[in-house]
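Peer 1: If you scroll down you'll find the structure; I have some questions about it.
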Amino acid sequence: MNGRVAYDQTMRIDQILATGAGPTFSFEFFPPKTEVGEENLRAALAELRGLEPSFVSVTYGAGGTTRGKTIEIVKRIREQYGMEAMAHFTCVGATVEELRATLDEMQSAGIDNVLALRGDPPAGQEDWRKTEGGLEYSRELVELIAADYPFAIGGACFPETHIHAVSPEDDLEHLVEKVAAGVDFLITQLFFDNALYHDFVARARAAGVNVPIIPGIMPITQVGQAERMAKLCKASIPDGLRRELHAREEDPEAVLDFGVAYATLQCQELLSAGAPGIHFITLNRSPATRAIVSALKLAEPWKPAVPVPSAA
C-alpha cells in the first residue's frame, strides 16, 4: 500500500461498542515470522480494510516472544491503514516492572486498547507457572492496567470453560472478578456451536457480568487446521459439522466453500439474537472473512425481520 493514512483520533473500543450504531466487525491477526507471512498479512490488511472494521487486534506470541513485533504492527495498522488496532498483552515471562515498561511503550505509541490475558505456558511447558516477580492471574494484569493506564481493557472468556479451570462455575467466578477489576468488554474463545455462546452469556449475565461479550468466530478453511485449533483451545466440533468437513476433505475448495457458508450462518444467527458484534480469527488470510462480512452487511440480520404479506 502506498502512502499513509491520517490517524489522529482516539478510538476506545468500549466507546465504539457504546455508540449503538450497529454490531461491530473486528479481525484478529498474528505477527508473522517469515517474509511470506509478512506478504500474507499485508494482503489481508489491504483487502479487509475496505470492509471498514470497527477495530482489529494483534496477538502476542507465546511467552511474550512477539512483544516488539505486536506493538510495531499495531502502530503500522493505525498509521498506514487507518484502522483502530488493539494489542494483545500477557503476563507470561515478565516481571511487573517489565510489564509496566511494555505498557509505557504502548502508551507512548498512541495505542488506546489492550486485550489483557494471562497467556499460555511457553513452548515445552505444559503447566502454568508464575514468573518470579510477575503476576499469577489475568485479573492482576487488569488491575495493574486499570490503576495506572488510560487504555480500554478487553478480556477473554470461554464458552466451553478455560482449559485450566476446575469447573465452569470456577471459571465464571474468575471472570466476574476480572470484569470487576476493570475489563470493559469481552471476546470469547472460538466456538462452532452457537448454543454454547448463548448459554454462556446467560450464565455470565446471571452472575453479574454486564459488559459486552463479543463472539469469536474462526471461519473453517482447512479441515486439519480447524481440528488442530479446536484441540489446542479445547473447543468442540459438533458431530454434524465434523462429518460434513470430512466428506469434503479431499476437495480443498469444497471445504472452503462449506466453511464460509457455515460461519456465515453462525454469524447471522448470533447477530439476529443480539450479539454486539463478531470478532473474526482470520489467521492472516482475507478471502473467507471478506466473503462472510460482505454477505452479513448486505443481509443486516441484526435488524428486525420484515413480515411477509399473507397470501390471503
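Peer 1: If we keep just the residues of region 149-172 that are free of Cβ contacts under 8 Å to residues at least 12 places away in the same chain and open to solvent by 50 Å² or more (accessible area, probe 1.4 Å), which is farthest from LYS231 (Cα to Cα)?
Peer 2: Restricting to residues being free of Cβ contacts under 8 Å to residues at least 12 places away in the same chain and open to solvent by 50 Å² or more (accessible area, probe 1.4 Å), the top hit is GLU169.
Peer 1: Here are ILE73, ILE187, ILE111, ILE145: which of them is crowded, with 19+ Cβ neighbours inside 10 Å, within 18 Å of the chain's Cα centre (by Cα) and in a helix (DSSP H, G or I)?
Peer 2: On the way: ILE187 fails: in a helix (DSSP H, G or I); ILE111 fails: in a helix (DSSP H, G or I); ILE145 fails: within 18 Å of the chain's Cα centre (by Cα).
From the options ILE73, ILE187, ILE111, ILE145, the qualifying one is ILE73.
Peer 1: Any residue in region 27-45 that is outside any helix (DSSP H, G or I), in contact with a Ser or Thr (Cβ under 8 Å, 6 or more places away or on another chain), under 14 Å from LEU115 (Cβ atoms) and without any contact (Cβ under 8 Å) to a residue 40 or more places away in the chain?
Peer 2: No, region 27-45 has no match at all.
Peer 1: Six or more apart or on different chains, Cβ atoms under 6 Å: show the pairs whose first residue is in region 291-304 and in contact (Cβ under 8 Å) with a residue 60 or more places away in the chain and whose second is open to solvent by less than 20 Å² (accessible area, probe 1.4 Å) and assigned to a helix (DSSP H, G or I).
Peer 2: Correct list of pairs: ILE292/ALA263; LEU296/CYS267; TRP302/LEU271.
Peer 1: If VAL92 meets every condition in (1) under 20 Å from the mean Cα position of the chain (by Cα); (2) surrounded by fewer than 19 Cβ atoms within 10 Å (Cβ to Cβ); (3) more than 24 Å from ILE213 (Cα to Cα); (4) not polar (S, T, N, Q) apart from one, which number is that one?
Peer 2: (2) is the only condition that VAL92 fails.
Peer 1: Would you check if there is a residue in region 200-210 being part of a strand (DSSP E or B) and of a type outside the set (D, E, K, R)? Please lay out each step first, then the result.
Peer 2: Start the filter on region 200-210 by keeping residues that are part of a strand (DSSP E or B), which leaves none.
No, every residue in region 200-210 fails to be part of a strand (DSSP E or B) and of a type outside the set (D, E, K, R).
Peer 1: Which residue out of ARG243, ARG248, ARG203, ARG290 is crowded, with 19+ Cβ neighbours inside 10 Å and more than 30 Å from TYR149 (Cα to Cα)?
Peer 2: ARG290 is the lone residue from the list that is crowded, with 19+ Cβ neighbours inside 10 Å and more than 30 Å from TYR149 (Cα to Cα).
The values are calculated or read from the model by the stated rules, or taken from the named source; none is laboratory data. Keep in mind it's a predicted model, so treat the numbers as computed, not measured. FYI the Cβ positions are ideal-geometry reconstructions off the backbone, even for glycines, and counts take in every protein chain you see. Accessible surface is based on the protein model in full, side chains and every heavy atom, while ligands, DNA and RNA are left aside. Shrake-Rupley method; radii C 1.70, N 1.55, O 1.52, S 1.80 Å.
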